[in-house]
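The values are calculated or read from the model by the stated rules, or taken from the named source; none is laboratory data. Computed from a predicted structure; not experimentally measured. We place every Cβ from the backbone using ideal geometry, glycine too, and count neighbours over all the protein chains shown.
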Amino acid sequence: MDDSDRPRDDDSAAADGSTDEDEPESDAAGEGGESVESVDAASESVESEVEAEVGPEVDPAAVDADSTASADADSAASAATGSADAADPSTDGLPATDDAQSLGDGGTPATTADAPTADAATAVEDEPFEGIEGPETDEEMPLAAHIEEMMRRLAVVFLIGGLATLVVVTESTELINYFWSYHIPAPLENRPRLYGPLELPLTRLKVAGLAGVVVGLPAFVYETYRFMRPGLYETERRYYLAAVPTSLILGGVGIAFAHFLVLPAIFSYFTTYTSDAATIAFGLAETFNLIVIMLAFMAIVFQIPLFIMLAIMMNLVTRQWLEAKRLIFWGSFLGIAFLFSPDPTGMAPIIVTLTMIALFEGTLAILRWTGN
């Protein structure tokens with residue numbers, strides 16, 4: 001220890017109030033005032049020496065290095081947070097929102113009590129819509145696939161009708177003679193007139209085509225069932241399968257109704273209406289146009305009860321709805337009859353319209369009577 005440190009130690013000991021064991025107490029008491037002054041001076045010298053020794057040990061470069069390291073650490077943390085946000089695809093394209101506005105109302109900070117409410121709202125929004133479930137066999141198909149299947153099934157119907165036409169065309173001459181002798185008054189005197197070389201073969205095709213329509217109607221109903229079968233329930237399938245023979249029976253009843261009741265009434269009206277003014281010459285083509293069209297048209301008209309029953313059984317319409325809209329159906333029947341009947345006098349369309357209305361109202365009356 002050098003001499004400069006010795007007074008500091010002595011002064012420190014004096015500041016602490018410590019005395020030398022060898023000095024008597026009287027000396028300490030006698031020199032009290034001088035000791036206090038020396039203590040103050042020693043304290044000032046100690047503080048100055050401490051500042052001088054500590055000051056050089058704090059390096060400014062070290063302070064700058066510490067602040068630089070802290071800034072680098074903050075930058076690294078920010079970069080890590082940004083990369084984590086970029087890696088999360090759910091937050092892409094969404095604006096940054098304040099934590100205080102993400103949950104809760106307005107700027108009020110979200111609390112843990114708000115979290116279940118937000119989760120419940122998200123669960124309600126994400127809940128899938130469950131509509132009316134179809135049959136297990138029902139499956140989604142593109143529109144083009146539905147159209148393609150429908151065209152294939154219609155082709156089957158036309159093929160069956162065409163085959164029936166080819167089978168009957170060989171016997172069409174006998175059918176022509178039968179219809180002529182039954183519907184034309186005085187058939188021996190009123191032989192058919194040909195006004196073109198193709199009238200006879202075309203008439204034979206028309207008569208044979210009538211057989212194709214009769215056979216094609218049940219085929220049409222069946223192919224329609226096959227087209228809609230994946231979307232039908234088991235009970236609806238039974239209704240449709242039962243409709244195939246019913247359609248054939250109703251078609252035959254319609255042809256018989258036209259043959260035995262409608263056509264004789266129409267031809268009697270024609271002959272009575274024109275016999276006083278001119279001599280009637282029945283052309284083969286025009287006469288059989290009327291006969292074939294009326295027979296085929298009545299075969300289709302008599303499908304009305306079947307269509308109504310199927311629509312009600314499949315819950316497409318109700319009897320009450322049909323009864324409320326009956327005037328609309330009556331007007332539609334009248335328009336269809338005038339559009340497709342080949343009689344310009346209005347006699348045939350009126351008969352057809354009355355027949356359609358009778359079938360419509362009769363079916364509703366049966367449903368009302370049975371409680372359906």
> Being surrounded by 20 or more Cβ atoms within 10 Å (Cβ to Cβ) and assigned to a helix (DSSP H, G or I), is that true of even one residue in the stretch 272-284?
Replying inline: no
>> Which residue is nearest to Val221 (Cα to Cα), if the candidates are limited to the stretch 159-181 and must be loosely packed, with under 15 Cβ neighbours inside 10 Å and of a type in the set (A, V, I, L, M, F, W, C)?
In response: Leu159
> Are there any pairs, at least 6 apart or on different chains, whose C-beta atoms fall under 9 Å, with the first in the stretch 213-226 and without any contact (Cβ under 8 Å) to a residue 24 or more places away in the chain and the second not in a helix (DSSP H, G or I), and if so, which?
Replying inline: Tyr225/Leu232
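Against the condition farther than 30 Å from Glu189 by Cβ and in contact with a Pro (Cβ under 8 Å, 6 or more places away or on another chain), how does Tyr233 come out, does it pass? Outline the logic, then answer.
Values: farther than 30 Å from Glu189 by Cβ: yes; in contact with a Pro (Cβ under 8 Å, 6 or more places away or on another chain): yes.
Answer is yes for this residue.
Test of understanding: among Phe179, Phe129, which residue is among the aromatic types (Phe, Trp, Tyr) and at pLDDT below 65? Spell out how you get there, then give the answer.
Details: Phe179 fails: at pLDDT below 65.
Of the residues listed, the single one that is among the aromatic types (Phe, Trp, Tyr) and at pLDDT below 65 is Phe129.
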> From Ala265, Ala243, which residue is touching a Phe, Trp or Tyr at 6+ places or on another chain (Cβ under 8 Å), assigned to a helix (DSSP H, G or I) and of a type in the set (A, V, I, L, M)?
Replying inline: Ala243
> Counting only residues that are under 19 Å from Ala256 (Cα atoms) and of a type in the set (Ser, Thr, Tyr), how many does the stretch 178-232 have?
Replying inline: 3
> Tell me, which residue of the stretch 233-271 that is under 16 Å from Ile308 (Cα atoms) and among the small types (Gly, Ala, Ser) is surrounded by the fewest Cβ atoms within 10 Å (Cβ to Cβ)?
Replying inline: Ala242
> What number of residues within the stretch 325-363 satisfy the criterion of being surrounded by fewer than 18 Cβ atoms within 10 Å (Cβ to Cβ) and among the aliphatic types (A, V, I, L, M)?
Replying inline: 10
>> Conditions first: (1) touching a residue at least 12 places away in the same chain (Cβ under 8 Å); (2) surrounded by 13 or more Cβ atoms within 10 Å (Cβ to Cβ); (3) closer than 24 Å to Ala281 by Cβ. Pro187 passes all but one, so which condition is the exception?
In response: (1)
> Leu316 versus (1) at pLDDT below 90; (2) of a type outside the set (S, T, N, Q); (3) assigned to a helix (DSSP H, G or I): which is the lone unmet condition?
Replying inline: (3)
